[in-house]
Amino acid sequence: MTDIIIIGAGTAGLSATIYARRAGREALILEALSYGGQIVNTPEVENYPGIKHISGFDFATGLYEQATELGAKIVFAKATGITVNPDGSKTVHTASEDYNCKAVIIATGAKNRPLGLDREEELTGSGVSYCATCDGAFYKKQPVAVNGGGNTAVEDAAFLANYCSKVYVIHRRDSFRADEAEVAKLKAKDNVEFVLNSTITRLIGEDELEGVEVTDKISGESKILEVSGLFVAIGQMPDNNSFSSVVKLDEKGYITAGEDCLTETEGIFTAGDCRTKSVRQLTTAAADGAVAALAASAYCG
Ligand SMILES: Cc1cc2nc3c(=O)[nH]c(=O)nc-3n(C[C@H](O)[C@H](O)[C@H](O)COP(=O)(O)OP(=O)(O)OC[C@H]3O[C@@H](n4cnc5c(N)ncnc54)[C@H](O)[C@@H]3O)c2cc1C
C-alpha cells in the first residue's frame, strides 16, 4: 500500500510528487509514455517565473530528477482505471498490474488537437505551435497564421498581431464561435487578414515551416500563404474517460474539482491541464500539483 499514486509525470504530476515526498509521503508515479509531458516538445520556455530561459526538455528533466532524487518511484505504464475499495483505499489499474494506495492524484494533462496533416509532428517546434502565449515571441516581425474559430484562436491572433508583421486567421467557417466583441477588435487591426471558409491542406517547408496551403471550401481553390509560424488553436483533447466512474467530467471531458483539487470522490485529487480551468500553463500545473499533494498528504492522515 503506497500513500499516494500520481497518474502522469508531466509538470503537475512531478510537482505533486516533489511536494508529497517533502511532506514525508510515499509516492508512486504511473506514466504512460516518457516523463515530462507536453512541455518536452517546446524548444524554449521563457515564461516560468525565476527561470529566464530553458528548453522544455531541460525543464522537465530538472523536475524529474528533483522528484526521483527525493525518493519517488516511477513505473512506465498507462493507468486504465481506479477502483475505490470498501475501506476507502484505492486501486489503480494498468494493463499488467494493479497498485494500491490511500490517495490518488490524476495529472493526465491534455493533448492539443492536431490538424492531422502530413509532417505536422515533425514541424512541431519548427514553425508549428499549439501555444501562442508560449511560442509567439519567437516570431517577432514575421508573418504567421492562426487556425481556429474559437476564443483561443481569436485571442492568439490578437496577441500575435502585437508583434508579428502579419497574422492570417484561417477558419473553416465564415463566422466565429469566439466572442463577437473580440472578433470585432481583431478585425480592426491592420495586420490581420481573415481567410474564411478555408482549411489548411498542406504544410510547406523542409526543416522549418515556410508556408501553408489553404483550400477554399466553397470554390475548391488553393493558395499558399508564406508564414514562418502556424498556431493551431482547434481545441484540446483530455483523456479522462477511464476515470469517469470515480470523478466528474465536464462536457469537454475535463475533471471538475474545487480549489483544493479534490474531485467528487474523497481521496482522489486532480492537478494540471486535465482539470477544468481557464489557464493551462506550467505555472498553473505546478501550483495545482503542490495544492493537490498537500491535500492528498493531509487525507492520508
Ligand atoms: C508545444 C507546447 C509549448 C508549450 N510552451 C509552454 C510555455 O512556454 N510555457 C508554459 O507555461 N506552458 C507551455 N505549454 C503548456 C504546458 O506544457 C502545459 O500547461 C503543461 O505541460 C501541463 O502540465 P500537466 O502535467 O498538467 O500535463 P502534461 O504536460 O500533458 O502531462 C501529462 C502526463 O500524463 C501522462 N498521462 C496521460 N494519461 C495517462 C494515463 N492514463 N496513465 C499514465 N500517464 C498518463 C502523459 O503521457 C503526460 O506525460 C506548452 C504546451 C505545448 C504543447
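The values are calculated or read from the model by the stated rules, or taken from the named source; none is laboratory data. The structure presented is a predicted model; accordingly, all values stated were derived computationally and were not measured. Every residue, glycine among them, receives a Cβ derived from its backbone with ideal geometry; neighbour counts consider all protein chains shown. The area values use the complete protein model at the heavy-atom level, side chains included, leaving out ligands, DNA and RNA. Shrake-Rupley method; radii C 1.70, N 1.55, O 1.52, S 1.80 Å.
Annotations for the structure displayed:
- Filtered residues of the range 250-262 (kept if under 17 Å from the mean Cα position of the chain (by Cα) and crowded, with 16+ Cβ neighbours inside 10 Å): Gly253, Tyr254, Ile255
- Taking the conditions (1) part of a loop (DSSP other than H, G, I, E, B); (2) without any contact (Cβ under 8 Å) to a residue 40 or more places away in the chain in turn, Glu266 satisfies each one other than (2).
- Exactly one residue out of Ser165, Ser222, Ser228 is touching a Leu at 6+ places or on another chain (Cβ under 8 Å) and at pLDDT 95 or above: that is Ser228.
- Residue in the range 95-108 that is surrounded by fewer than 20 Cβ atoms within 10 Å (Cβ to Cβ) and closer than 30 Å to Gly235 by Cβ present: yes
- Selection from the range 96-136 of residues that are among the aliphatic types (A, V, I, L, M), within 11 Å of the ligand (Cβ to nearest atom) and part of a loop (DSSP other than H, G, I, E, B): Ala107, Ala110
- Within the range 155-177, residues that are within 23 Å of Ser278 (Cα to Cα) and among the aromatic types (Phe, Trp, Tyr) sit with their Cβ atoms under 8 Å from residues that are open to solvent by 30 Å² or more (accessible area, probe 1.4 Å) and not in a strand (DSSP E or B), at 6+ positions apart or across chains, in these pairs: Phe159/Thr133.
- Of Ala60, Ala67, all but one fail to be on the phi < 0 side of the Ramachandran plot, more than 10 Å from the ligand (Cβ to nearest atom), open to solvent by less than 40 Å² (accessible area, probe 1.4 Å) and not in a strand (DSSP E or B); the exception is Ala67.
- Selection status of Ala9, surrounded by 21 or more Cβ atoms within 10 Å (Cβ to Cβ), more than 9 Å from the ligand (Cβ to nearest atom) and closer than 23 Å to Asp98 by Cβ: no
- Figure legend. Inter-residue proximity from the range 78-90: first residues outside any strand (DSSP E or B), second residues crowded, with 17+ Cβ neighbours inside 10 Å, beta-carbon distance below 7 Å, spacing 6+ or different chains. Indicated pairs: Lys78/Thr94; Gly88/Gly267; Ser89/Cys101; Ser89/Lys102.
- Screening the range 70-81 for residues that are within 26 Å of Ser242 (Cα to Cα) and more than 10 Å from the ligand (Cβ to nearest atom) and picking the one that is most open to solvent (accessible area, probe 1.4 Å) gives Lys73.
- Count of the range 252-279 residues which are modelled with pLDDT under 95 and under 19 Å from Thr17 (Cα atoms): 2
- Flag if Leu70 is of a type outside the set (S, T, N, Q) and touching a Lys or Arg at 6+ places or on another chain (Cβ under 8 Å): yes
- When restricted to residues that are farther than 14 Å from Cys134 by Cα and near the ligand (Cβ under 9 Å from one of its atoms), the range 36-57 contains 2.
- Any pair with Cβ under 6 angstrom, 6 or more apart, that starts in the range 277-301 at a residue that is under 19 Å from Gln38 (Cβ atoms) and in a helix (DSSP H, G or I) and ends at one that is among the β-branched types (Val, Ile, Thr) and within 10 Å of the ligand (Cβ to nearest atom): Leu282/Thr11; Ala285/Thr11; Ala286/Thr11
- Criterion violated by Val92 - all others in (1) surrounded by 15 or more Cβ atoms within 10 Å (Cβ to Cβ); (2) more than 10 Å from the ligand (Cβ to nearest atom); (3) not aromatic (Phe, Trp, Tyr) satisfied: (2)
- Criterion violated by Thr276 - all others in (1) within 15 Å of the ligand (Cβ to nearest atom); (2) open to solvent by less than 50 Å² (accessible area, probe 1.4 Å); (3) not charged (D, E, K, R) satisfied: (2)
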